[in-house]
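Below: one structure, written as C-alpha cells.
Values in this text are rule-based calculations from the coordinates and carry no lab data. Everything quoted here is computed from the prediction, not taken from an experiment. Cβ: placed from backbone, ideal geometry, glycine included. Neighbour counts: every protein chain shown.
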Amino acid sequence: MAKSKPATKTKKKATPLAAAPSAPNVDIGISTGARKEIADGLSHFLADAYTLYLKTHNFHWNVTGPMFNSLHTMFEGQYTEQWGALDEVAERIRALGYNAPGSYAEFVKLTSIPEEPGLSNSADWKEMVRQLVVGNEAVCRTARVTLKTADDGHDDPTVDLMTQRLNTHEKYAWMLRSLLQ
Ligand SMILES: [Fe+2]
C-alpha cells in the first residue's frame with residue numbers, strides 16, 4: 001500500500017486588513033511654511049505668557065507690605081485671566097498642525113522673561129510690580145512679532161488672538177506702571 005502523502009498545509013493567504021484611514025494633511029489654506037512660522041511664533045508667545053502667568057501667581061503668594069491686600073487681589077485677577085488665555089494659544093498651535101510646548105524645560109528655553117524665585121528673600125512689592133510691568137511688555141513685544149507673522153500668512157484667527165492678548169497685556173502694563181508713578 002502506497003504511503004499516503006502527508007497532507008500539505010495550504011497556506012491561507014492572510015486577508016489584508018482594511019487600511020485604516022490615515023489623517024489627511026492639514027489643508028486650511030495657509031502654506032506649510034507659514035503655518036510652521038506662525039506656530040513657532042505662538043510657541044514663543046506661549047512660553048512668555050506662561051512664565052509671566054507663573055510670576056504673577058508667585059507674587060500673589062509672596063507679596064508683603066502695606067500694599068498686600070490690593071496687590072494680592074490685583075495679581076489674582078491677572079493670573080486667573082492669563083491662565084485661560086494660555087489654553088487658547090496652545091490650542092491655536094494644535095489647530096495649525098504643530099505640537100504646543102508643555103514643559104517647564106521648554107518654556108525656560110523659549111521665553112524672553114527671566115524667572116523670579118519665591119524664596120525667603122523675596123522681592124519687595126515695588127520690585128514685584130516693576131518686574132510685572134517689564135514682563136507684560138515683553139509679552140506684548142512677542143505678540144506683536146507673532147501678529148505680524150500671522151498677518152503676512154493671512155491667518156486671521158491668530159491675528160485676532162494676538163490682538164486680544166496685546167490689548168490685555170498693554171492694559172496690565174499700564175495699570176502696574178501706574179502704581180510706581
Ligand atoms: Fe490665592
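Here are some notes:
- The phi torsions of region 106-111, fed into the Karplus equation with coefficients 6.51, -1.76 and 1.60 and a -60° offset, translate into couplings of 5, 5, 4, 5, 8, 7 Hz, rounded to whole numbers, with Gly and Pro shown as x.
- Among 129-138, 22-31, 111-120, sorting by the average number of other beta carbon atoms lying within 10 angstrom of each residue, highest first, gives 129-138, 111-120, 22-31.
- Highest-fluctuation residue, 68, 45, 107 considered, GNM on the chain with Cα pairs under 10 Å: 68
- Taking each DSSP H run with n ≥ 4 as -39500 (n - 2.57) and averaging over every residue of the chain yields -22500 deg cm²/dmol at 222 nm.
- Counting only Cβ charges, +1 for Lys and Arg and -1 for Asp and Glu, the dipole size of region 32-179 around its Cα centre is about 240 debye.
- Pairwise FRET efficiency - residue 124 versus residue 72, Cβ, R0 = 22 Å, nearest 0.05: 0.95
- Listed pairs 36/171; 109/148; 36/148 exceeding 21 Å between Cα atoms: 36/171; 109/148
- Relative contact order of region 32-179, pairs being alpha-carbon contacts under 8 Å that are 6 or more residues apart, as %: 34 percent
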